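Beneath this line is the structure, given in structure tokens, with notes to follow.
Rule-based calculations on the coordinates, nothing more; no lab input. For clarity, every value in this text was computed on a predicted model and none was experimentally measured. Cβ placement follows ideal geometry from the backbone for every residue including glycine, while neighbour counts extend to all protein chains displayed.
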Amino acid sequence: MSELKIFTTVAETVAYAKEQKAAGRTIGLCPTMGALHEGHMTLMRAARSACDVVIASVFVNPVQFGPNEDYDKYPRQFDADCEKLAAEGVDAVFHPSPEEMYPAGYGTYITVENGITDVLCGARRPGHFRGVATVVTKLMNITRADKAFFGQKDAQQVAVVRRFVADLNLPVEVCMVPICREASGLARSSRNSYMSAEEKQAAVVLSRSLKAAKAAYEAGERDAEALKRITREELATEPLAKVDYVDLYTYPALQETTTVTEQSLLAIAVFIGKTRLIDNIILGEQA
Ligand code: AMP
């Protein structure tokens, strides 16, 4: 098992990254909020196979949580996270305090203003993507990343990151990793730990509903309303499920569409009890 370096300050992380770059090594960044699971590990493996050095970050970013969201109760288990990262051969983990990332006087934020943060989770979680864009920009700069790895689980996040990386000419390649699921189909998520066994079983309805829509798409259905209706109908079979949204947009532009003629994102957010879960599938060919 390789030695995992643990950094809590920006200065020591920058020094390490500079040293690696000076030695001609490429750096892969995997940003996370910790409570690591197998889904996160698929990111680490993708980074491990594409880059010489892998840096994970574990930081529950206060700026991306709304006032009534779960910032305080978000699971934190850094020691267990480090064991998992070491087992995957991750080279270093950056685990700063909120004060280290946002010291007194902090005042700079990144906002993507072309409409892609106005839909889906951006519409339901005001300020969320401003917080994500700000922290990811900082993490890319601190780690001098050549490539950064994100999960399709948060497909809107990937679209937002790709947008500001292009707009700000950041020298980073953004890589998207497929959704990692449990055998039941449930997308792995740190928030799954909030659910009881009964709720976890009910939560399988998310992936089941997307599967139903995908089957209809594969059978020739291209009408966006019909695909959303099929998804909703399947979700309605589960009494514990309360739909937040079922939406379909072109991907990654996230434009409205009535017919699936290009690559499109069918995305859902559903409450199972008090736990808000998201899932999605990408339909169609890349434009
Ligand atoms: P989080 O810790 O939830 O902020 O997630 C950190 C990164 O891991 C994000 O890029 C997520 O999209 C990714 N991720 C989380 N869950 C999964 C999953 N089930 N499959 C693939 N990637 C995931």
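Key figures
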{"item": "Net charge, residue 129 excluded, C-beta distance under 12 Å - Lys, Arg +1, Asp, Glu -1", "result": "+1"}
{"item": "In order through segment 32-40: 3J(HN,Hα) via Karplus (6.51 cos²θ - 1.76 cosθ + 1.60), integer Hz, x for Gly, Pro", "result": "9, 9, x, 6, 5, 9, 4, x, 4"}
{"item": "Within the chain, percent of DSSP bridges classed antiparallel, to nearest 5", "result": "50"}
{"item": "Relative contact order computed over segment 7-177 (Cα-Cα under 8 Å; 6+ residues apart), in percent", "result": "29"}
{"item": "Projected label distance in nm at residue 87 and residue 229, using a 7 Å step from Cα toward the beta-carbon", "result": "4.7"}
{"item": "J(HN,Hα) series, segment 240-255, from Karplus relation 6.51 cos²θ - 1.76 cosθ + 1.60, nearest Hz, glycine and proline x", "result": "7, 8, 10, 6, 8, 8, 10, 9, 9, 9, 4, 10, x, 6, 6, 9"}
{"item": "Reference-scaled alpha-carbon Rg (2.2 N^0.38 Å with N residues) for the chain", "result": "1.01"}
{"item": "Anisotropy class of segment 7-177 from Cα gyration tensor, a/c 1.5 cut", "result": "rounded"}
{"item": "Neighbour-count ranking [beta-carbon atoms within 10 angstrom, fewest first] of 150, 94", "result": "150, 94"}
{"item": "Helical contribution to [θ] at 222 nm, DSSP H n ≥ 4, -39,500 (n - 2.57), averaged over the chain, rounded to 500", "result": "-11000 deg cm²/dmol"}
{"item": "Nearest-20 debye value, the chain charge dipole, Cβ charges on Lys, Arg, Asp, Glu", "result": "100"}
{"item": "Amide H partners (placed H, <5 Å) of residue 61, local residues excluded", "result": "none"}
{"item": "Amide H within-cut-off set for residue 54, under 5 Å, with H built and near neighbours excluded", "result": "28, 91, 92"}
{"item": "Rounded to whole Hz, the Karplus (6.51, -1.76, 1.60) HN-Hα couplings of segment 163-171, x for glycine and proline", "result": "5, 6, 5, 5, 5, 9, 6, 6, x"}
{"item": "Residues 231, 9, sorted so that the one with the fewest Cβ neighbours within 10 Å comes first", "result": "9, 231"}
{"item": "Relative packing of 171-177, 138-144, which averages over residues the other C-beta atoms within 10 Å, highest first", "result": "138-144, 171-177"}
{"item": "Segment 190-279: radius of gyration and largest Cα-Cα distance (Dmax), Å", "result": "13.5, 40"}
{"item": "Cα gyration tensor category, rounded, prolate or oblate, for segment 139-196 with a/c compared to 1.5", "result": "prolate"}
{"item": "Pairwise label distance in nanometres, residue 274 with residue 109, each label 7 Å out on the Cα-Cβ vector", "result": "2.7"}
{"item": "Between helix 204-218 and the chain: long-axis angle, C-alpha atoms, 0 to 90°, nearest 10", "result": "70"}
{"item": "Theoretical gain in end-to-end length, residue 243 to residue 263 [0.36 nm per residue, Cα-Cα removed]", "result": "4.8 nm"}
{"item": "5 angstrom amide H check on residue 173, placed H, neighbours 5+ away", "result": "147, 148"}
